[in-house]
Amino acid sequence: MVEGENLEACSEVVEGEDERKGGFFDCFWTPVYWFKMLANETHWSFVFGVMVVYGISQGLGGAFNRVGTEYYMKDVQKVQPSESQIYQGIISIPWLVKPLWGLLTDLLPILGYRRRPYFILAGLLGVVSMLLLSFHENLHIAFALLSLTAGSAGAAIADVTIDACVAQNSNTRPYLAADMQSLCALSSSIGALLGFSLSGIFVHLIGPKGVFGLLSIPAGLVFLVGILLDEPFMFNFSYRQVNQKLVDAGKSMWRTLKFPDVWRPCVYMYLSIALSIDIHEGLFYWYTDSKGGPSFSEETVGFIFSIGSIGSLFGALLYQNVLKDHPFRNLLFWIQLLFGLSGMLDLILVLRLNLKLGMPDYFFIVIAESVSQMIGRLKWMPLLVLSAKLCPPGIEGTFFALLMSIDNAGLLSSQWGGGFVLHVLKVTRTRFDNLWLAILTRNILRVTPLGLLFLIPRGDPNASILPTEIFGAQEEAETPENENIELVALVSSVDGK
């Protein structure tokens with residue numbers, strides 16, 4: 001009853017303000033009063049934290065970090081494409097252990113607070129690592145890699161912590177759960193689009209090291225979230241129970257993974273991602289530095305990535321409105337097939353066939369990037385839904401984080417596999433003779449997961465796919481209902497995490 005009254009009151013606030021403004025001004029004032037409603041119902045510091053972490057740190061900062069890191073490896077460290085591919089995988093390792101960050105923030109309060117200290121830690125990691133990269137003149141590749149990984153760890157910790165805050169507020173105010181998820185998605189999408197649009201310009205004006213200096217600002221804002229966040233103080237917390245809770249969570253996840261209906265889709269998700277090897281660094285070096293290639297500028301690269309983010313958003317909308325009710329196995333078959341075929345666009349570009357067809361490089365790569373990102377998002381969405389359906393009651397958040405780590409392990413294998421292929425085919429900073437062969441190899445490997453679709457359930461995607469034995473096992477485990485890690489929005493960051 002209270003929730004219904006709160007929801008009605010929230011609606012009346014927005015509607016009343018809309019009536020006063022009316023007409024053309026609705027487009028401007030409706031979002032303003034929506035933000036105001038969320039701030040009043042939760043707390044302004046929570047809304048600020050979501051906008052900082054999702055919009056500024058992951059969206060805007062993630063876009064700047066991606067473009068800046070690629071040019072840093074290429075122009076400052078002057079590494080080979082295969083080496084850069086391996087280094088990118090190392091930088092992403094902190095995202096593999098997201099369940100660990102989640103367990104810590106949920107089970108191990110620091111100085112009486114569960115969330116604020118972790119935001120402060122994340123901000124400090126980001127500020128120190130970015131400033132070191134920016135101001136050090138001749139930073140050795142090992143220390144540069146360590147700094148980039150520390151910055152990645154800061155972003156991962158902030159991501160998990162704000163996810164826990166969103167889930168906590170969704171549990172206490174379920175009538176606002178959809179609004180909070182919309183706030184997360186909106187902040188991330190706008191931040192990424194703005195970031196990719198501006199990143200190339202800033203790399204051109206101040207260089208990749210200057211961009212790293214700017215990235216200390218989002219990290220500093222994450223630190224500020226830790227200072228300002230409204231969170232109750234925990235009195236007399238017993239640290240002796242932390243170890244037992246960690247052990248119980250591990251046992252619950254292992255017990256669930258032993259069911260064939262759970263581990264079979266997990267194997268498919270890992271292999272389907274790992275076999276789709278990533279050779280992006282080879283392509284990046286080619287279309288920015290090769291005399292025989294397009295030689296795109298920094299501004300052009302940033303704009304291409306921004307167009308790709310629009311394609312990704314369109315893919316999410318297409319899945320939500322058209323494809324979400326199709327069976328997993330049938331849908332993944334066609335998407336995986338299209339995923340392999342879309343890679344042929346890169347082959348056409350590298351072989352310069354687009355010029356023979358009268359299509360300029362710039363126009364063609366914009367189309368290729370949009371199509372690639374759209375299909376990549378279409379491939380990712382059903383895997384996310386399937387992951388959510390594999391989570392047993394009682395440990396939903398923890399197990400979902402584990403599944404996302406499995407997917408991230410697949411991404412890491414994909415990056416390292418792509419680096420190995422580039423190295424074997426001798427694709428270097430100046431030699432791209434065999435780049436077409438690397439692309440062809442990638443395209444063939446992209447369709448090999450079609451032979452693994454038997455691991456995916458064939459039934460209705462709207463029905464439960466967990467066996468009844470899991471529910472009985474969870475009841476016997478006696479896991480406290482409110483002691484699981486709630487990590488709901490783990491994948492709403494910039495693509496590639």
Screening ARG114, ARG66 for residues that are modelled with pLDDT under 95 and more than 18 Å from the chain's Cα centre (by Cα) leaves only ARG114
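Hey, any hits in the range 295-317 for a residue that's over 24 Å from the mean Cα position of the chain (by Cα), crowded, with 17+ Cβ neighbours inside 10 Å and assigned to a loop (DSSP other than H, G, I, E, B)?
Here is the first cut: in the range 295-317, the ones over 24 Å from the mean Cα position of the chain (by Cα) are 295-297.
Now narrow it down to the ones that are crowded, with 17+ Cβ neighbours inside 10 Å: 296.
Subsequent filtering for residues that are assigned to a loop (DSSP other than H, G, I, E, B) retains 296.
Yes, because at least one residue in the range 295-317 is over 24 Å from the mean Cα position of the chain (by Cα), crowded, with 17+ Cβ neighbours inside 10 Å and assigned to a loop (DSSP other than H, G, I, E, B).
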- Message: It is to be established whether one or more residues within the range 188-196 are surrounded by fewer than 22 Cβ atoms within 10 Å (Cβ to Cβ), of a type outside the set (A, V, I, L, M, F, W, C) and farther than 19 Å from PRO94 by Cβ.
- Response: yes
Scanning the range 319-343 residue by residue, the ones that are open to solvent by less than 30 Å² (accessible area, probe 1.4 Å) and more than 24 Å from ILE279 (Cβ to Cβ) total 3
In the range 249-260, residues that are aliphatic (A, V, I, L, M) and open to solvent by less than 10 Å² (accessible area, probe 1.4 Å) total 0
The lone condition THR288 fails out of (1) surrounded by fewer than 17 Cβ atoms within 10 Å (Cβ to Cβ); (2) touching a residue at least 40 places away in the same chain (Cβ under 8 Å); (3) assigned to a helix (DSSP H, G or I) is (1)
By residue number, the members of the range 87-111 that are free of Cβ contacts under 8 Å to residues at least 40 places away in the same chain and closer than 14 Å to GLN241 by Cα are LEU104
In the range 349-379, residues that are open to solvent by 50 Å² or more (accessible area, probe 1.4 Å) and either of a type in the set (Asp, Glu) or assigned to a helix (DSSP H, G or I) (or both) total 6
Query raised in the report: Does PHE212 fit the bill of being in contact with a helix residue (DSSP H, G or I) (Cβ under 6 Å, 6 or more places away or on another chain), surrounded by fewer than 24 Cβ atoms within 10 Å (Cβ to Cβ) and under 28 Å from SER309 (Cα atoms)?
Result: no
The condition from (1) among the hydrophobic types (A, V, I, L, M, F, W, C); (2) surrounded by 22 or more Cβ atoms within 10 Å (Cβ to Cβ); (3) at pLDDT 90 or above; (4) farther than 25 Å from VAL76 by Cβ that CYS165 misses is numbered (3)
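Listed here are the residues, each with its yes/no results for (1) aliphatic (A, V, I, L, M); (2) in contact with a strand residue (DSSP E or B) (Cβ under 7 Å, 6 or more places away or on another chain); (3) open to solvent by 60 Å² or more (accessible area, probe 1.4 Å).
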| site | (1), (2), (3) |
| --- | --- |
| SER216 | no, no, no |
| VAL222 | yes, no, no |
| PHE235 | no, no, yes |
| VAL262 | yes, no, no |
| TYR270 | no, no, yes |
| GLU281 | no, no, no |
Residue set PHE119, PHE143; condition free of Cβ contacts under 8 Å to residues at least 12 places away in the same chain and assigned to a helix (DSSP H, G or I); output residue PHE143
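The values are calculated or read from the model by the stated rules, or taken from the named source; none is laboratory data. These numbers were taken from a predicted model, which means no experiment stands behind them. Don't worry about glycine lacking a Cβ; one is built from the backbone with ideal geometry, like all the others, and counts go over all protein chains shown. With ligands, DNA and RNA removed, areas are computed over all heavy atoms of the protein, side chains included. Shrake-Rupley method; radii C 1.70, N 1.55, O 1.52, S 1.80 Å.
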